[in-house]
Ligand code: C2E
Ligand code: MG
Ligand code: MG
Ligand code: MG
């Protein structure tokens, strides 16, 4: 009886496993289809200097306008394709779309740097610099400095020396790098030392609690000093209130991104936002 029971259970497990694989396959098909049907859109979130009021650039954040599901956030669908060839295709669509946006804004007299998020798999591919060079060459009028690539500080990056080499090849093409979600990995110092990123992005989890948690405040203070000693720029993510901005300015962090400044928005809203934005009066005092 026991044996039969075991057999049944095995059978049951097998079936569940099967359903999982079929579901996974369905989802991949749905996402591939979304790409083909043009259901992806980039939203843009401004990055500013709180002290001077300068808008230093915008970050491109992908959204899926699904016919069935409405607007789907990246954390809900990117993890499904993270280790799949599809992330390469979506990633290239993102870079192309950002380049076209830079071009469109320049045609309106608006020079704006765009940073795009790069997935670890994309960067691990040996041919990434070649593919990037190809994309850049389709936009001969755009100086590559207008494109910034955000790399996650994560163990998923794998061999840091190899990644560093790849990044140097891209830098030789003229693009810049930012280290995203800084401080969340296990060896932030190694990332900082080995990876040639000109901008450090302090992860929003530290910023969120900095006014109530002295440990988080201490981490931010250290990262700002660290960035300065390494001659990198530093920006705080997830700046949700004016008070967060004041605290950051007190620590010497002038660059910020977050809801206190602007939420991510469709490209068409950016020019008007830039025209009307000015820093809070309490921030200007630091100038
Ligand atoms: P990230 O690159 O760290 O982007 C910042 C995330 O924080 C964005 O979420 C943004 O909407 C959100 N955010 C900005 N300001 C605030 C704030 O003041 N408070 C709070 N609570 N959140 C804020 P989003 O757009 O949902 O993106 C999530 C993550 O998905 C991104 O984190 C990035 O890692 C990834 N992602 C987004 N777009 C792309 C893409 O085109 N390609 C790749 N590979 N990853 C992407
Ligand atoms: Mg980012
Ligand atoms: Mg981040
Ligand atoms: Mg993040």
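Quick one: angle between helix 85-107 and the longest Cα principal axis of the chain, in degrees between 0 and 90, rounded to 10, please.
30 degrees
Can you tell me the order of 67-74, 145-152 when each peptide is scored by its average per-residue count of other Cβ atoms within 10 angstrom, highest first?
145-152, 67-74
Compute the convex hull volume of the Cα atoms of the chain, divide it by the residue count, and report the result per residue in Å³ as a whole number.
174 Å³
Out of all DSSP beta bridges in the chain, what portion is antiparallel? Express it as a percent rounded to 5.
DSSP beta bridges in the chain are roughly 45 percent antiparallel.
Using alpha carbon centroids, what distance separates segment 184-205 and segment 51-80, in Å?
One Cα centre to the other: 22 Å.
For segment 63-175, just say rounded, prolate or oblate: build the C-alpha gyration tensor, square-root its eigenvalues into a ≥ b ≥ c, call rounded for a/c under 1.5, and beyond that prolate if a/b exceeds b/c, oblate if not.
Taking the square roots of the gyration eigenvalues as a ≥ b ≥ c, segment 63-175 is oblate.
What is the distance, in nm, between label points placed 7 Å from the Cα along the Cα-to-Cβ direction at residue 156 and at residue 225?
Here the modelled spin labels are 3.3 nm apart.
So if R0 is 22 Å, what FRET efficiency would residue 137 and residue 32 give, r being the distance between their Cβ atoms, rounded to the nearest 0.05?
0.25
Relative to the longest principal axis of the C-alpha atoms of the chain, give the angle of the C-alpha long axis of helix 160-173, reported between 0 and 90° and rounded to the nearest 10°.
Orientation of helix 160-173: about 60 degrees from the principal axis.
Can you give me the convex hull volume of the Cα atoms of segment 49-114, divided per residue and expressed in Å³?
So the per-residue hull volume is 129 Å³.
Tell me, what is the percent relative contact order of segment 80-203, built from C-alpha pairs under 8 Å that lie six or more residues apart?
23 percent
Quick one: if the Förster radius is 35 Å, what FRET efficiency do residue 213 and residue 265 give, using the C-beta to C-beta distance and rounding to 0.05?
E(calc), rounded to 0.05, equals 0.70.
Which ordering of 286, 77, 182 is given by a fewest-first count of other beta-carbon atoms within 10 Å?
With the fewest neighbours first, 286, 77, 182 line up as 286, 77, 182.
Specify the angular offset, from 0 to 90 degrees and rounded to the nearest 10, of the alpha carbon long axis of helix 128-137 from the longest principal axis of the alpha carbons in the chain.
60 degrees
Report the relative contact order of the chain, percent, no decimals, based on alpha-carbon pairs under 8 angstrom and at least 6 residues apart.
That works out to 18 percent.
Every read-out reported here was derived from the displayed coordinates using simple, explicitly stated rules and does not represent laboratory data. Predicted model, so just to flag it, every value in this text is computed and none were measured. Reconstructed Cβ throughout: ideal geometry from the backbone, glycine too, with neighbour counts over all protein chains shown.
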